[in-house]
Amino acid sequence: MKDIIIIGATGLVGNTLLNILEKNEFEINNLILVGNKNIGNIIKFQKKDYKIISLESSLQLNLINPIIIFCTQTFVVKQNYQKYLNKFPNCYVIDNSSYFRQTYSIIIPPLNFHLLQNQHIISNPNCVTAGLMMMLYPINKNDKITKIRITSFQSVSGSGHLGQKQLISEQNMNYSNKIYKKQIYNNVIPEIGEIMNDITEEEQKIIYESKKILNNQEIDIYATCVRIPVMSCHSISLEFKTVNNISIDEIKQILVNVKTIKITEELPDYNLIVNTPDIIITRLRKHNNSVFAFISFDNLYRGAAYNVYEIIKLLL
Ligand SMILES: NC(=O)c1ccc[n+]([C@@H]2O[C@H](COP(=O)([O-])OP(=O)(O)OC[C@H]3O[C@@H](n4cnc5c(N)ncnc54)[C@H](OP(=O)(O)O)[C@@H]3O)[C@@H](O)[C@H]2O)c1
């Protein structure tokens, strides 16, 4: 039984995490839900009402070594994580933002939970990295990957509730809720995050995190990230090469043991993927010693909240 604080419980990732925890009947002692604009609102969890409280109020509570989960933007983590460490010295902090990804191990439980050791701050990966690594990490263990090229197709939920709000508004011909530089309805935007020296923030995150998780700084990796007018779920068009020119049969043999990965010849269907931890790999093929594949998954579920859930399970 643990005390759990979810900061950003009203956002897309926080809400998805609550849905996962609710289904799995976790034994939670105290569940504390923290928000900002939604303070005072009620969220139902396992048939009980929970009031959203402020971050400052959560710091007044007497809790025992809580697990603190940040489902907020980076600046909220930066300004506040130390207050929690001071108040609850033996707590665990799990961060969904990118704030700690350069300083602490990025944990994906089925792949690298051994890195956690005595670390009390735990970084969750970027959503694209999470889906990509679930496929590439086990392959890389068998035959070292030398080159990766990806193009991502990322839904608006990747930008949080404001991304979904812009798409829905524009579908209704209201163009006032703008977080993207361009209209997203009926459009594509090949730029996610600020762009510097020809590379966007999102592309940089994927490149940095993949090298770190695969523990290979030499890997030749490059990415193009595209925002598309879809409410939820991301896809990745992937090309990669390995030292020993891995075959499709070998890849299938390796991935058959990875729970939640499904290799199929069927086309992906976001209606079936949403709210699941599944990673659908289709169009798996080879051309000129490169492997090609198309990967689809729910960015909020597989790409964020389910990873947190798997970490919590191991901490309990
Ligand atoms: N969306 C994805 O696919 C995805 C995937 C992986 C990682 N992430 C990362 O996860 C984090 C959350 O993303 P999201 O998509 O869930 O964003 P979101 O839908 O915009 O939710 C943001 C949440 O943060 C809360 N918040 C903001 N300022 C706060 C403050 N000062 N004190 C307490 N709570 C505060 C908001 O509360 P109110 O609503 O009450 O204002 C809301 O619950 C981000 O760092 C994001 O980069 C997102």
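The values are calculated or read from the model by the stated rules, or taken from the named source; none is laboratory data. As the structure is a computational prediction, the values presented were derived from the model and not from experiment. Cβ sites come from the backbone with ideal geometry, for glycine too, and all protein chains shown count toward neighbours.
If you go through the range 53-70 and keep only what is within 19 Å of Asn41 (Cβ to Cβ) and loosely packed, with under 15 Cβ neighbours inside 10 Å, you end up with Ser54, Glu56, Ser57, Leu61. For first residues located in the range 146-161 and away from the ligand (no atom under 12 Å from the Cβ), partners that are among the aromatic types (Phe, Trp, Tyr) and lie 6+ apart or on another chain with Cβ distances below 7 Å form the pairs Lys147/Phe240; Ile148/Phe240; Arg149/Tyr222.
Quick one: would you say Ile139 is assigned to a strand (DSSP E or B) and more than 25 Å from Asn271 (Cα to Cα)? No, not satisfied.
When Phe88, Phe100 are checked against the criterion of being surrounded by 15 or more Cβ atoms within 10 Å (Cβ to Cβ), of a type in the set (Phe, Trp, Tyr) and in contact (Cβ under 8 Å) with a residue 24 or more places away in the chain, a single residue qualifies: Phe88.
Looking across the range 135-160, just one residue is surrounded by fewer than 16 Cβ atoms within 10 Å (Cβ to Cβ) and in contact with a helix residue (DSSP H, G or I) (Cβ under 6 Å, 6 or more places away or on another chain), and that is Asn142.
Look through the range 23-44, keep the residues that are exposed (fewer than 13 other Cβ atoms within 10 Å of the Cβ) and assigned to a strand (DSSP E or B), and return whichever of them is farthest from the ligand (Cβ to nearest atom). For the range 23-44, the residue satisfying everything is Asn29. Total residues in the range 194-225 satisfying the condition of being within 15 Å of the ligand (Cβ to nearest atom), of a type in the set (Val, Ile, Thr) and closer than 24 Å to Arg285 by Cα: the figure is 1. For Leu63, all conditions in the list (1) in a loop (DSSP other than H, G, I, E, B); (2) within 25 Å of Met231 (Cα to Cα) hold save one; what is the number of the exception? Against the list (1) in a loop (DSSP other than H, G, I, E, B); (2) within 25 Å of Met231 (Cα to Cα), Leu63 comes up short only on (2). May I ask you to list pairs of residues, at least six apart or on different chains, whose Cβ atoms are under 6 Å apart, with the first in the range 23-34 being assigned by TED's automatic domain parsing to the domain that holds Thr10 and the second being surrounded by fewer than 17 Cβ atoms within 10 Å (Cβ to Cβ)? As it stands, the answer is Glu27/Met1; Asn29/Met1, since those pairs meet every condition given.
Of the candidates Thr16, Thr74, the single residue that is in contact (Cβ under 8 Å) with a residue 40 or more places away in the chain, polar (S, T, N, Q) and within 20 Å of Gly158 (Cβ to Cβ) is Thr16.
The residue of the range 65-105 that is farthest from the ligand (Cβ to nearest atom), among those that are of a type in the set (A, V, I, L, M) and out of contact with any strand residue (DSSP E or B) (no Cβ under 6 Å at 6 or more places or on another chain), is Leu85.
Looking at Ser157, Ser97, just one residue is modelled with pLDDT of 95 or more, assigned to a helix (DSSP H, G or I), within 13 Å of the chain's Cα centre (by Cα) and not aromatic (Phe, Trp, Tyr), and that residue is Ser157.
Scanning the range 189-210 for residues that are without any contact (Cβ under 8 Å) to a residue 40 or more places away in the chain and closer than 17 Å to Glu239 by Cβ turns up Glu203, Ile207.
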